[in-house]
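Reading through the structure tokens given below for one structure.
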Amino acid sequence: MSGGLYLGRLVDPVSLKELEEPYFLDPDDLTTHGIVIGMTGSGKTGAAIVLIEELLLHGVPVIVIDPKGDAVNIALRSSRYSPEEFTKWIDPVQAKREGLTPEEYAAKLAEVWRKGIESYGQSLDKARELVENSEVIILTPGSDAGIPVSVLYDLNMPEGLNWKEHGDVLLEKIKNIVSALLQLAGREADPLKSNEHILISHILEYCWRRGELVDFNRLLAYILDPPFTRIGVIDVDLFIPEKNRRDLVVALNRVIASPTFRNWITGIPLDFDSLLWTPEGKPRAVVFYLAHLDELQRMFAVTLILQNLYGWMFRKTGSSRLRALLYFDEVYGYI
């Protein structure tokens, strides 16, 4: 389709030889799910980066979840493909292995990249347009190594949603907030099997339905002394005895009081209305870099990122056009 997202050239399915015919993808074909499959080292992430860059050129912002630290290469962009630009990125050790100075090695790589782009009929003007008309930001939940982001800045009901129209969405958000907190505390996080999960979920729903503001202090206070007497048809103290509630409060307080937890609640808010576009209206690739986190922390971050994105989506009016793309690199283990 002419005028769509340029993804390269077609390949003959029998001979597997590259043809001269270019391939264009309609951006609106991406309003449903898609997956890129290939062997390790086959170029899945590289192909995805091409797609992301094309979307940015078409004015479509992209959310990138990067658990292993590969997709962050989207930030390596050049407007001129000059040796000076490449000098910032090259590996001096590799330059030495090839018997070149860093400057010579940078010049060599810049030439390779320029020729590669031009061999596919693409121009340096297009590369310059990408750099000038879009932006890449690297967010590092749980760390200030990049741009710190507060993934759990608020336990309150999201603005713009209501129980009458969005009841299922709100209950799903409560479930995921509670699961993420319990995972981080090393507690059972199954919403059907964990009495602790059910208790905290009831507390958040109680506050949200009454328009009551809730922070961590109030949450812990309500766990110790719930604002209701029954859960289902069973007395609260029978459902989860006071001693168990005290143990839960200690476990959650240990997480909240930890210096590392501050990194989860400080930084820019996880607000996609402000993240996806620059103040000047340019689309962004918003990369959530998670390679520095352990497995539990990555699950915690992914849960809250996706839940916030889900809520953001429901606050928008319907559209048949692609508004934004979510790209999850190495989704195996999460899907």
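The values are calculated or read from the model by the stated rules, or taken from the named source; none is laboratory data. Values in this document were obtained by computation on a predicted structure and should not be read as measured data. Methodologically, a virtual Cβ is constructed for each residue, glycine included, from the backbone with ideal geometry; neighbour enumeration extends over all protein chains shown. Note: areas computed on protein heavy atoms with side chains; ligands, DNA, RNA excluded. Shrake-Rupley method; radii C 1.70, N 1.55, O 1.52, S 1.80 Å.
What lysines could a cross-link reach from K17, if we take a straight Cα to Cα line under 29 Å and drop same-chain neighbours fewer than 8 places away?
Filter leaves K44, K108, K115, K126.
Could you tell me which of S42, S150, C207 has its Cα farthest along the dipole of the chain towards the positive end, charges placed at Cβ (Lys, Arg +1; Asp, Glu -1), taken about the Cα centre?
Result: C207, furthest along the dipole toward the positive end.
What FRET efficiency do you get for S82 and K164 if R0 is 35 Å and r is their Cβ-Cβ distance, rounded to the nearest 0.05?
About 0.05, to the nearest 0.05.
Just the number please: accessible area per residue for region 13-141, 1.4 Å probe, all protein chains included, in Å².
59
I need the peptides 95-102, 229-236 ranked by packing, meaning the mean over residues of other C-beta atoms within 10 angstrom, with the highest value on top.
95-102, 229-236
With each run of n ≥ 4 DSSP H residues scored as -39500 (n - 2.57), what mean residue ellipticity at 222 nm is computed for the chain after dividing by its residue count and rounding to the nearest 500 deg cm²/dmol?
So the helix-based figure for the chain works out to -13500 deg cm²/dmol.
Starting from the Kirkwood radius over alpha-carbon pairs of region 257-315, derive D by Stokes-Einstein at 25 °C in a medium of 0.890 mPa s and give it in µm² s⁻¹.
The diffusion coefficient I find is 187 µm²/s.
Under a point-charge model restricted to the Cβ atoms of Lys and Arg (+1) and Asp and Glu (-1), what is the dipole moment magnitude of region 32-92 relative to its Cα centre, in debye to the nearest 20?
The dipole of region 32-92 has a size of about 60 debye.
If you project the alpha carbons of region 197-335 onto their three principal axes, what span does each projection cover, largest first, in Å?
Between the extreme Cα coordinates on each principal axis of region 197-335 lie 53, 35, 30 Å.
Can you tell me, using C-alpha contacts under 8 Å and at least 6 residues apart, the relative contact order of the chain as a whole percent?
Once divided by the residue count of the chain, the mean separation gives 29 percent.
Taking all protein chains as present, what is the carbon and sulfur share of the accessible area of region 212-335, in % to the nearest whole number, probe 1.4 Å?
Percent of accessible area from carbon and sulfur atoms in region 212-335: 55.
Please report Rg (one decimal) and Dmax (integer) in Å for the Cα set of region 143-279.
Values for region 143-279 (Cα only, Rg and Dmax): 15.9, 53 Å.
When the expected Rg is taken as 2.2 N^0.38 Å, what fraction or multiple of it is the alpha-carbon Rg of region 22-163?
Here the Cα radius of gyration is 1.30 times the empirical estimate.
Do me a favour and compute the ellipsoid semi-axes for the chain from its Cα gyration tensor, root of five times each eigenvalue, largest one first, whole Å.
Over the Cα atoms of the chain, the semi-axes work out to 45, 23, 18 Å.
To two decimal places, what compactness ratio does region 157-224 give when its Cα radius of gyration is scaled by 2.2 N^0.38 Å?
1.08
Among DSSP beta bridges lying fully in the chain, give the percent that are antiparallel, nearest 5.
Among the beta bridges of the chain, antiparallel pairing accounts for roughly 30 percent.
Can you tell me which of 74-85, 207-218, 278-289 comes out highest on packing, and rank the rest after it, using the mean Cβ neighbours within 10 Å?
278-289, 74-85, 207-218
Would you work out if region 12-87 is rounded, prolate or oblate? Take a ≥ b ≥ c from the square roots of the eigenvalues of the alpha-carbon gyration tensor; rounded if a/c is under 1.5, else prolate when a/b is larger than b/c, oblate otherwise.
rounded
Within 10 Å, count the other beta carbons around each residue, average over each peptide in 12-24, 254-266, 190-202, and list them highest first.
190-202, 254-266, 12-24
Using a 1.4 Å probe over the heavy atoms of the protein chains, calculate the carbon and sulfur portion of the accessible area of region 1-103 as a whole percent.
Taking all protein chains in place, region 1-103 shows 57 percent carbon and sulfur surface.
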